[in-house]
1. When N counts the residues of the stretch 28-98, how does its alpha-carbon radius of gyration compare numerically with 2.2 N^0.38 Å, as a ratio?
2. Using the Kirkwood radius over C-alpha pairs as Rh, can you work out the diffusion coefficient of the stretch 197-238 via Stokes-Einstein at 20 °C, viscosity 1.002 mPa s, in µm² per second?
3. Per residue, how many Å² of accessible area does the stretch 89-238 show with a 1.4 Å probe?
4. State the extension gain, in nm to one decimal, for the chain segment bounded by residue 159 and residue 56, taking 0.36 nm per residue of separation less the distance between their alpha-carbons.
5. Carbon and sulfur atoms: what percent of the 1.4 Å accessible area of the stretch 1-151 do they account for?
6. Can you tell me the mean projection area, over all orientations, of the convex hull of the stretch 146-226's alpha carbons? Units nm², please.
7. Where nothing but the Cβ of Lys and Arg (+1) and of Asp and Glu (-1) is charged, how large is the charge dipole of the chain around its Cα centre, in debye to the nearest 20?
8. State the Cα centre-to-centre distance between the stretch 178-230 and the stretch 107-154 in whole Å.
Amino acid sequence: MTDRKAELAANLARVEERISSACAAAGRARDEVTLIVVTKTYPASDVRLLADLGVRHVAENRDQDAAPKAAACADLSLSWHFVGQLQTNKVRSVAGYAHVVQSVDRARLVPALSAAAEKTGRELVCLVQIALDAGAGERGERGGAAPDQLAELADLVAAAPGLRIGGLMTVAPLAGPYAGREQAAFERLLELSSQLRTDHPAATMVSAGMSADLEQAVMAGATHVRVGTAVLGARARLG
Ligand SMILES: *Cc1c(COP(=O)(O)O)cnc(C)c1O
């Protein structure tokens with residue numbers, strides 16, 4: 001095993017232990033939570049090592065980096081999640097490799113995603129990104145729709161050819177009433193998820209929790225955690 005592979009294996013084992021402990025503490029089965037490794041700023045060679053180590057889901061937040069990385073890893077059986085702020089002019093590229101777009105936060109993206117998905121002939125799973133610190137009708141500073149827009153966005157996605165509404169995603173807010181209260185934020189997301197499921201019962205994905213707060217997300221009921229630095233190490237630049 002190379003040094004890097006051994007390092008990733010050790011980090012993955014620690015993250016796995018954290019997820020298992022949190023599931024046990026929450027009275028949840030381990031298989032209710034899917035680990036997505038956020039590989040942004042790290043090279044395709046790391047993605048390959050992760051796949052070798054059993055990782056099945058990876059996430060990226062910038063199309064410029066993700067598109068060549070996904071192309072270099074096209075032989076691996078991985079699910080690619082796009083978790084970054086999405087511009088309409090990037091949608092076509094993203095739909096070329098992403099299986100899940102977790103950052104749908106405005107109506108304008110939906111027809112673009114739909115057209116791009118139809119072109120690829122693959123169904124694209126979309127999550128509505130919620131900004132818990134955004135006021136009614138606003139968007140979050142790091143992307144995300146205000147909670148009052150959830151129903152409309154979910155209906156738009158569900159009605160769009162080529163798209164499937166999979167659920168919700170959030171990033172714990174740094175400001176506003178939920179700042180420093182990750183578990184309360186994630187519990188609020190779970191309430192929004194149950195509202196969503198009254199109209200869209202299959203939209204069961206709840207993507208919440210990162211390296212610093214995955215336990216709180218698992219406790220609140222998240223189905224997917226997105227972990228970057230705890231697996232790959234501290235990032236050299238902001239991403
Ligand atoms: C970078 C990123 C993560 C992972 O964050 P870490 O703190 O490195 O675990 C999760 N979600 C999103 C949307 C991200 O951009």
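The values are calculated or read from the model by the stated rules, or taken from the named source; none is laboratory data. All values derive from a computational prediction rather than experimental measurement. Because the Cβ atoms are built from the backbone with ideal geometry, glycine has one as well, and the counts that use them run over all protein chains shown. Note: areas computed on protein heavy atoms with side chains; ligands, DNA, RNA excluded. Shrake-Rupley method; radii C 1.70, N 1.55, O 1.52, S 1.80 Å.
1. Values: Rg = 12.4 Å, N = 71, 2.2 N^0.38 = 11.1 Å.
Rounded to two decimals, the normalised Rg is 1.12.
2. D, rounded to a whole number, is 184 µm²/s.
3. Numbers: 6350 Å² over 150 residues.
Roughly 42 Å² per residue, with all protein chains present.
4. Details: separation 103, 0.36 × 103 = 37.08 nm, distance 2.88 nm.
Additional length available on full extension: 34.2 nm.
5. Values: 3260 of 6660 Å².
Within the stretch 1-151, the accessible surface is 49 percent carbon and sulfur.
6. Working: hull surface 21.2 nm².
Result: 5.3 nm².
7. On the way: 26 positive and 27 negative charges, 114 e Å.
Charge dipole of the chain: 540 debye, to the nearest 20.
8. Centre-to-centre distance over Cα atoms comes out at 17 Å.
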